[in-house]
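Take a look at the structure set out below.
Derivation of every value follows stated rules applied to the coordinates shown; laboratory data play no part. If you're wondering where the values come from, they're calculated on a predicted model, not measured in any experiment. Reconstructed Cβ throughout: ideal geometry from the backbone, glycine too, with neighbour counts over all protein chains shown.
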Amino acid sequence: MAKYILRRLLFVIFLLVGVSLLVFLISHLVPSDPVAANMSPTAMGDPEAVAAYRAKWGLDKPLYQQYFVYLINLLRGDLGTSIRTGNPVIQDLAQFFPATLELSLFAMVIAIALGVTFGVVSAVHRDKPVDYAVRTISIAGVSVPNFWFALLMLFLFYSKLGVFPGGGRVGSRSTTPSGGTGLYVLDGILSGNWELAGEAFMHLLLPALVLGFFTMGLIARQTRSNLLEVTSMDYIRTARAKGLSGGKVITGHALGNALIPVITVMGMGFCNLLGGMVFVEKIFSWPGIGQYAYLSATTLDFPAICGVSLLIAVIYVVMNLVIDILYGIIDPRVRYS
Amino acid sequence: MKKRIKAVALIMCLALLGLSACGKYNDSGDSSQEDSRSEKGGAAGGGTLIVGMDSDLQTLDPGHGYEVYGNMIYYALYDTLYKTYEDSTPVPCLAEDYEMDDTQTIYTFQIKEDVVFSSGNPLTSKDVAFSINRSKNLNGNASPAAANVADIETPDDYSVVITLKEPDAGFLVKLANNAFCVLDSEVVKEHGGTDAEDASTADTAQEWLNQNSAGSGAYVLESWTQNVEVVLNRNENHWGEVKNDKVICKEMPDVNTQIQNLLQGDIDIALSVSADNASQLEGQDGVELYYTPGTTITFLLMNQDPDIGGPMADPKVQQAVRYAINYEELLQISGESAVLPLNIVPQGFTGALEQDSNYTDIEKAKELLKEAGYEDGFTVEFTVATYDTEGMSWTTLGQKIKDDLSKVGINAEIKTSEIGVVIDSYRDGKEQFLLMHWHPDYPDINNQLAFLPGETVGLRANWETSDNQKIDELKNIIMTESDEEKRSAASEELQQVLTEDMPYAFLVQHPKVLGYRANLDGIHYYEVQKINFQDITVK
Amino acid sequence: MKTKLHMPKILKYKNFLFKLGLCVCLGWILIAVFAPLIVPQDPYAQDMAARFQAPGAAHWFGTDELGRDVFSRVLLGSRVSITAGLVTVCITVVMGLFYGGIAGYIGGIVDDIMMRLAELVSSFPPLILAMVIAAALGPSIFNSVFAMTIIWWPNYARLMRSMVITLKENEYITASKTLGASHVRILFKEILPNSIGPLLVMATLDIGNAILTFAGLSFLGLGTQPPVPEWGAMVSDGVANMNCWWISTFPGLSIFLMSIGANFVGDGMRDYMDPKLQKE
């Protein structure tokens, strides 16, 4: 078991170095001058100002030198300074990541809860109208353009029904809390500030629902198909023959085994969330990594692009590692392959 | 299992409904919320103003600032010698009077005597000198505005003598730029600020200034959370009346979200409304719209270099393009309050030229093309970045232009691109045929002279010199002549020369649209500072 | 085992959703093929007087910001969107097939390295990769498809590899080897036909995803060049004018329909191919 984990860890390191190289190379493929994208037109006309700018960001050194400097800094925890915001990238990431983290966690909880529920219901009532309805909803989850869906939900639940707030992490009349972990619900609970916790919670629900909709679809379908596969197996037949009721059979015997592959899907789903993040964050005024990534990419902010990509890749890699280890624990066959 | 799942689902739904009942996020019809809003105000005129915007604030240090909405905040936090409001006419702010010598390079200002900073320190001439020198020496984005300042002297506590390197007829207007915001020199120095020659490396006050203000304006900066909000509080030490207790500028990148929030009363002003989606707010209860012509111009750039521009380098082709565009329809697309500049100076600036908006002439365009040897038309690559001006999408404009040009035989193939990539190639003068916009740095004709041969934009079209000497002559008059009427006349004459001889086709001056709650008074839009919080009260 | 005979049977498969999905997909493909012939109006004709008209007799799906007929644009837009989706999926399937097949078959260290590389590529955040590629190479349909294939092929490679690994332990493979069959022959005759099934299922499920991603890229301004109609670009154009709901809704619905159709087909195929489900 330890050997297995060790192998995976070594690989993770290789992956991270590889990603940093890839990220660095790709972001420098873009044939454009970040100076132009970030200085005012009149400032650009001043050669001294431009020269000072270039020197500050080291844009004059050859590419491979730039990469090694980058790598060394990386190992020291220095991700460079964002050309766009002027802050150290690591500071920007620390500022914006908690928002995304909180949102993704909520989205995953909703996706898993609803997804598994729907999947089970669908499998148990296979080929009946309920099954069709659930399958349609789950497939709708993976078929809808999420930016459009987000706007629709905002319009419906905020403007028309007034059930959820219209974006932002806290109300428009409240000011942003500072300090703590950056996860407002958690901070609120830990500091006993129930008003904050409640407000943050309400603001999380709609964007989390929109974001998790896609993943919910994936999980529902996977749960359904795995459950169907498992329930046709012999040991289930034995359990039924023994006289166990339908419900007990499913929870006691089938669900556990059926959920194993679903763990993979959950991992994939979490990473998928990061994809839909850009649109949802924009529409719900959520100051997170998705927005940061988009703004960095379009303003050709190399340090920020590298930083965000690395962060997301790290999350992805760590997620995969966790899943692999979980698999290894749950399913002994995997360890010995 | 089924029962359990159903039970859980039911409980979840009930919980959600229960929680939602705790707080209705819908202001309309919820009178208790309305009352509490005016209660917060206390005495008439107080209260909290919430503004929704899509901004790109990167700093709140006036010595570094260069963002579209920067001046909205700087005007609230800091004072300058002169400010501009309507008509780009400079209005005295801290300066009570000024004198200019005959060389037009030495300006002497008398400043107000009873002004105190938010810290309690008195505002004197040394603060003015410090602030301007700092902006100049920081070599940041704001520095070019102060580049023409050669020297500043402070003969006494309330007089400032500024010597310019060259005469500049637009200097007073330039003073409204954030580079000239007056900072509390003692406080800034305490936090690492310096105005010495090496300020570009030695100054470390920016970080502090991003979170605190050191000014004499109506408001004080309470906090700035990047990409989230800016919170301003009333400045108790301000020399004038402060209309509101608190101003919160919330960042909402999606315009639909702003509109929804405005309709629900969660924000008081929506800054990013565009002419197209203004229709969502028309006729809605509790919401009003405000239209004003802006000064940002979209234009077509045609490269004069035959190697790059191809057919677009031919002056006859350029004139044909100007005749081919359907200006009336462009106005329709751009929305109410859009105007046609038709030349380099936007309407609303002193020195703008009145021209007939019915400039379109398809027959003349075809004739010119024939004369140029393109009777059967030609194909050209048309670069249109995925960007917008005041909410007007460039791709929409581009498609309209393409359609117009196709009527005279020019086949413009649209090539989209990210703005960052396009800007670079544009500034290098490598674009053949491009849609671009120009946002004046300050509201004076001098700023627009950038379009002339050998100047900033001219060079980008590879228009280095012109055979027409008139252009240079008139340019000099405009830059230095202090008599407004003579300047204006020169500007009009210049534009008449340019009408048939320039590598541009000017499209539209895009209107600015604001959405605001009907219970607000004093809403007005200014080109430099956008909204003046000092004007606005809650009825 | 001849796979040919199985195909017609699938059409008789009782699954209602599968048949529905098939009809929808075929319908759209037909529309895409014949679009230029069946559009009632010129999808490019601008009409300033008719801007932002709600759906009505003259324009069944209303008009957009330049007065163009949305119905015709939706029909024509199917060409780009569906082609982009199909092409992306085809290329990724083929790439994944070869890459994963070879990796799985050879096994050992080669397999390890190849799979690690694949994982490296898939660790990269897809949207950022797409944005950077499009910015670097210029927005165009080709470049967007290129960006998407780079992101997706690892999934198919992984699937193919895992199937090849299980299959190659099978006895009939060993039997073939003993009989002297070459590796190539084994790959093509024995392994490929038996592994293509799940890949096809994944592919059909991904078609919808591909169309959506392509739409998302167009939403960000990468992809087709205006004025060529494309569903994603049309939704993004309409988003700025939400109260003219028809501009985004109809293309959005089209994406949704095509996607859901493909997904039903995929689901049906998977259900069909699963021998255990046949017993019930």
Listed with the fewest Cβ neighbours within 10 Å leading, A:E102, B:E354, B:E455 appear as B:E354, B:E455, A:E102
With the label point 7 Å along the Cα-to-beta-carbon line of A:E195 and a cut-off under 11 Å to each amide N, the hits in segment A:150-177 are A:174-175
Lys and Arg at +1, Asp and Glu at -1: neighbours of B:D403 with Cβ under 12 Å from its Cβ sum to 0
Shielding of B:247-253 by other chains, given as the mean Cβ count within 10 Å, works out to 5
Taking a straight Cα-to-Cα line shorter than 17 Å from C:K19, and setting aside same-chain aspartates and glutamates fewer than 8 residues away, one finds A:D127, A:D131, C:D267, C:D271
Semi-axes in Å, largest first, for segment B:422-539 (Cα gyration tensor, √(5λ)) are 34, 21, 11
Which of B:K316/B:K430; B:K250/B:K402; B:K370/B:K512; B:K402/B:K486 exceed 28 Å between C-alpha atoms? The answer is B:K250/B:K402; B:K370/B:K512; B:K402/B:K486
In whole percents, the bins of 20 Å from zero upward hold the Cα-Cα pairs of the protein assembly as shown as 11, 39, 35, 13, 2, 0
Assertion target for A:T238, C:T224, A:T100, B:T350, ordered by fewest C-beta neighbours within 10 angstrom first, is A:T238, B:T350, C:T224, A:T100
When the charge dipole of chain B is computed with +1 at the Cβ of Lys and Arg and -1 at the Cβ of Asp and Glu, the Cα pointing farthest to the positive end, of B:Y82, B:P341, B:S213, is that of B:S213
Taking the alpha-carbon centre of each part, the distance from segment B:462-507 to segment B:270-319 in Å is 23 Å
Placing +1 on each Lys and Arg Cβ and -1 on each Asp and Glu Cβ in segment B:98-180, then taking the dipole about the Cα centre, the residue among B:S143, B:F130, B:T108 whose Cα reaches farthest towards the positive end is B:S143
A chain fully extended from B:E153 to B:E328 at 0.36 nm per residue, minus the present Cα-Cα distance, gains in nm 57.7 nm
Note on chain B: contact order normalised by length, alpha-carbon pairs under 8 Å, 6 or more apart, percent, works out to 19 percent
By Cβ neighbour count within 10 Å, fewest first, C:E65, B:E492 rank B:E492, C:E65
Answer in debye to the nearest 20: the dipole magnitude of chain C about its Cα centre, from +1 Lys/Arg and -1 Asp/Glu charges placed on Cβ, is 1020 debye
Note, segment A:311-319: 3J(HN,Hα) by Karplus (6.51, -1.76, 1.60, θ = phi - 60°), whole Hz, Gly/Pro = x, goes 4, 5, 5, 4, 4, 4, 5, 4, 4
Pseudo-spin-label distance B:D285 to A:I13, built 7 Å along Cα→Cβ, given in nm, is 6.7 nm
Whole-Å distance linking the alpha carbon centroid of segment C:156-179 with that of segment B:105-174 is 81 Å
Measuring from its Cα centre, the protein assembly as shown shows a charge dipole (+1 at each Lys and Arg Cβ, -1 at each Asp and Glu Cβ) which, in debye to the nearest 20, is 9960 debye
The set of residues whose placed amide H lies less than 5 Å from the amide H of B:E96, leaving out same-chain residues fewer than 5 positions away, is B:Q110, B:I111, B:K112
Counting Lys and Arg as +1 and Asp and Glu as -1 over every other residue whose Cβ sits under 12 Å from the Cβ of C:D237, the net charge comes to -3
About its Cα centre, segment B:422-533 carries a charge dipole, from +1 on Lys and Arg Cβ atoms and -1 on Asp and Glu Cβ atoms, whose size in debye to the nearest 20 is 620 debye
Ranking C:V239, C:F34, C:T249 by how far each Cα lies towards the positive end of the charge dipole of chain C (+1 on Lys and Arg Cβ, -1 on Asp and Glu Cβ), the top one is C:F34
